[in-house]
Amino acid sequence: MEDFSATGADRSQVPPALAMTAPTVKTAAGSIAGAATKVSARDVNVFYGDKQALFDVSIDIPDRAVTAFIGPSGCGKTTFLRCINRMNDTIDGCKVTGTLQIEGKDAYGKNVDPVVLRTRVGMVFQKPNPFPKSIYENVAYGPRIHGMAKSKADMDVVVEKSLKRAGLWEEVKDRLLQPGTGLSGGQQQRLVIARTVAVNPDIILMDEPCSALDPIATAKIEELIDELRGNYTIIIVTHSMAQAARVSQKTAFFHMGKLVETGPTEEIFTNPRDSRTQDYITGRFG
Amino acid sequence: MAEHTVKAFSEELDAITQEVARMGGLAEAAVNDALSAVARRDTELAQQVMQRDAKIDAAQREIERRAIKLFALRQPMASDLRVVLTAWRIAGELERVGDLAKNIAKRALILNQAEPIQLTRSAERMGKIAAQHLKQVLDAYANKDLQAATAVWHGDDNIDAHYNSLFRELLTYMIEDPRMISSCAHLLFIAKNLERIGDHGTNIAEYIHFLITGEEIATQRPRADAD
């Protein structure tokens with residue numbers, strides 16, 4: 001985080017809208033010992049019109065760790081992920097109830113500006129979606145619209161640091177002005193991650209970030225996730241059980257809109273408590 | 001438990017479990033026959049036991065081969081992971097049991113050429129308990145019976161107590177009649193082998209506990225001093 005202090009990204013200016021103060025609950029089942037809670041959800045329900053997609057989801061997401069959401073298609077894991085940066089706000093007829101706090105502050109408070117919230121909670125999607133601009137501009141876009149760099153020199157620093165953090169710098173430093181869409185799939189995904197970290201978020205949400213990538217590109221992203229978790233709270237939705245097992249420290253299993261079980265990844269994959277988790281991860285349904 | 005969506009996976013897990021049960025049968029027979037070879041002074045049987053050890057070793061290699069294949073191709077998780085891991089671990093214990101039975105048979109060959117000594121009866125009694133211990137734990141594995149496995153785990157101190165008693169008896173015997181030292185020493189090794197077979201049975205009981213519950217047995221096993 002401190003890498004960005006020279007670029008004008010002042011954290012204290014970002015969340016003043018998050019006015020509500022509520023104590024962060026740290027005692028929920030499945031919390032990792034010793035890790036501070038970054039995101040805390042209590043009884044979160046999500047409705048798409050009349051259809052309820054999530055039922056009473058309560059979970060604590062630890063800071064500076066990777067939390068994996070697993071579960072069969074339609075189980076609600078992506079829906080819950082999209083609650084965290086209020087992406088569901090953009091869907092007509094979508095209603096979210098319950099409380100969802102980031103660092104103890106209500107993410108759905110009246111004074112919270114979702115656009116500001118999303119600078120703190122970045123998102124990486126299934127398919128790499130670089131803007132049809134140069135590699136440089138892809139990374140510089142966010143910091144520019146948020147006024148995070150005062151000069152071209154500042155911006156150069158942000159772009160270089162972000163690309164380095166995303167493990168892409170060495171591969172693109174000589175062609176920063178070429179289109180981002182000209183990169184390979186794995187490089188594009190790392191470019192998107194560079195774009196995400198450029199605005200200095202706290203939390204990075206990843207929705208199946210490797211499902212369109214080959215094994216080598218996947219391994220690079222997984223290595224990157226492992227490096228990034230030292231500085232960010234990462235939440236990854238994945239259909240690959242092996243990937244969840246490889247990259248995460250905490251795993252949450254969703255089924256039919258309910259959070260069935262959550263706990264340290266090692267326990268979930270060796271000795272799950274709930275028979276539904278057991279059946280899912282061992283390939284007995286789903 | 002429900003079948004896997006991929007049925008071949010379930011079949012492979014069943015097959016490795018059955019192979020462990022089969023290997024258990026071989027090890028159990030080796031122990032029983034080695035003891036009979038001592039009790040009945042049956043040299044031919046002792047030689048058979050020694051030859052049959054190769055089959056037990058082959059069974060272990062087969063189980064490990066299947067386990068490696070399952071790890072590599074199926075990436076077993078949770079209870080499936082425990083099935084494969086437990087099969088691997090039990091096969092290792094049974095291979096040792098086979099070696100110990102072979103060693104008892106080897107000593108039977110030597111004892112059969114010396115004067116019979118009375119203390120073989122005590123060793124026989126201890127052997128029966130150790131063999132029973134092994135049988136019970138293999139039954140517990142076949143039936144996935146946690147209670148039976150836990151009972152075996154608690155029962156090991158009985159074997160240890162027998163070993164200690166036999167150890168003292170043999171010492172007295174050796175002091176009284178130094179001509180018997182050679183035979184007594186072989187019997188002492190046989191007793192030690194039986195005590196170790198008991199320990200391997202106890203280890204298997206622990207693996208069964210892990211297989212069924214996903215947890216290690218928490219408390220320290222109460223044991224008589226067997227060292």
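The values are calculated or read from the model by the stated rules, or taken from the named source; none is laboratory data. None of these values were measured; they are calculated from a predicted model. For neighbour counting, all protein chains shown are included, and Cβ atoms are generated from backbone atoms with ideal geometry for every residue, glycine included. Side chains are part of the model used for accessible areas, which takes the heavy atoms of the whole protein and leaves out ligands, DNA and RNA. Shrake-Rupley method; radii C 1.70, N 1.55, O 1.52, S 1.80 Å.
Miscellaneous remarks
- Point-to-point label distance, A:S240-B:D157, nm (Cα→Cβ direction, 7 Å offset): 5.1
- The mean accessible area for residues of the protein assembly as shown, using a 1.4 Å probe and ignoring ligands and nucleic acids, is 45 Å² per residue.
- Computed over region A:106-189, the convex hull of the alpha-carbon atoms projects to a mean area of 6.6 nm².
- Taken over the Cα atoms of region A:33-156, the convex hull encloses 156 Å³ per residue.
- Net dipole in debye of region B:7-213 [+1 Lys, Arg Cβ; -1 Asp, Glu Cβ; about Cα centre; nearest 20]: 320
- Just the protein heavy atoms count here, and of the accessible area of the protein assembly as shown at 1.4 Å, carbon and sulfur take up 52 percent.
- Cα Rg, Dmax (largest Cα-Cα span) when computed across region B:7-213, Å: 18.5, 66
- Relative contact order, percent, region A:210-263 [alpha-carbon distance under 8 Å, six or more residues apart]: 19
- For region A:82-133, trypsin sites (Lys or Arg not before Pro) meeting the loop criterion (DSSP other than H, G, I, E, B) and having at most 10 other Cβ atoms within 10 Å: A:K110.
- Calculated P(r) tail over 17 Å for region A:138-177, as whole % of Cα pairs: 24
- The Kirkwood hydrodynamic radius of region A:196-268, based on inverse pair distances between different Cα atoms, is 13.2 Å.
- Computed helical MRE - 222 nm, chain A, DSSP H runs ≥ 4 contributing -39500 (n - 2.57), nearest 500: -9000 deg cm²/dmol
- For region B:61-105 and region B:40-59, distance of Cα centres in Å: 22
- Sites listed here are GluC sites (Glu not before Pro) in region A:192-285 whose DSSP assignment is loop and whose Cβ has at most 11 other Cβ atoms within 10 Å, and the list is empty.
- Calculated SAXS-style log₁₀ I(q)/I(0) at q = 0.12, 0.25, 0.29 Å⁻¹ - region A:68-133, Debye, Cα scatterers: -0.37, -1.29, -1.45
- B:A21/A:A212 FRET efficiency (R0 41 Å; Cβ-Cβ; nearest 0.05): 0.35
- In a DSSP loop and with at most 15 other Cβ atoms within 10 Å, there are no GluC sites (Glu not before Pro) in region B:164-201.
- For region B:52-116: rounded, prolate or oblate by the Cα gyration tensor [a/c cutoff 1.5]: prolate
- Cα gyration tensor shape of region A:108-152, rounded if a/c is under 1.5, else prolate or oblate by comparing a/b with b/c: oblate
- Positive-end residue, chain B charge dipole about Cα centroid, Cβ charges, pick of B:T213, B:L187, B:A130: B:L187
- In terms of its Cα atoms, region B:78-150 spans 56, 22, 13 Å along the principal axes, sorted from long to short.
- For chain A, the C-alpha radius of gyration sits at 0.99 times the compact-globule guess of 2.2 N^0.38 Å, with N the residue count.
- For region B:1-55, the extents of the C-alpha atoms along the principal axes are 54, 20, 8 Å, listed from largest to smallest.
- For the pair B:Q48 and B:I68, label points projected 7 Å from Cα toward Cβ lie 3.3 nm apart.
- Using C-alpha pairs under 8 Å with a sequence gap of at least 6, the mean separation divided by the residue count of region A:2-281 gives a relative contact order of 27 percent.
- Histogram of C-alpha separations across the protein assembly as shown, 10 Å bin width, %: 4, 16, 20, 17, 13, 11, 9, 7, 3, 1, 0
- For the pair A:F125 and B:K7, a Förster radius of 30 Å applied to the C-beta separation gives a FRET efficiency near 0.25, rounded to the nearest 0.05.
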